[in-house]
Amino acid sequence: MALDIRGKLIQVLPLQSGVSKAGNEWSKQEFVIETDEQFPKKACFILFGNKVSLLAGFKVGDQVEVSFNLESREFNGKWYTDANAWKINPVQPANEKQGSAPFADYGELPPPPMDTEYEPPTSDLPF
């Protein structure tokens, strides 16, 4: 299940790393964003392995869009859900945008053909 959410990066938790029982090294980085809604929500996301580098270049306060998957697992009769991030993009805040809609560049349109004459449409209607 792939989902996207936008919000402000409000916290980056410390990098965690270790070695699994199988002898493989692992690392994970958690971060929290807060949505920009009437009733803001906070969500904590996890980056695993080489995805940890996705946070490089971002700082607390940046507006971001996070693509993530939700995954749940059961352990001893309880369910646990993780929001595993796999992409982070910067988002320009709405109040800093240079306009609400892109403008068409009419210089790119071809000129109208010059060899045609205008003829009003003919109609069989009596009015």
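No value in this document is a laboratory result; all are computed from the given coordinates. Computed from a predicted structure; not experimentally measured.
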In sequence order, what are the phi-derived ³J(HN,Hα) couplings for segment 25-35 according to the Karplus relation 6.51 cos²θ - 1.76 cosθ + 1.60 with θ = phi - 60°, rounded to whole Hz, with x for glycine and proline?
-> 6, 9, 8, 8, 10, 10, 8, 10, 10, 10, 6
Using only the Cα atoms of segment 2-92, build the gyration tensor, take square roots of its eigenvalues as a ≥ b ≥ c, and label the shape rounded, prolate or oblate: rounded if a/c is under 1.5, else prolate if a/b is larger than b/c, else oblate.
-> oblate
In straight Cα distance, which lysines are under 27 Å from K78, not counting same-chain residues fewer than 8 positions off?
-> K21, K28, K41, K42
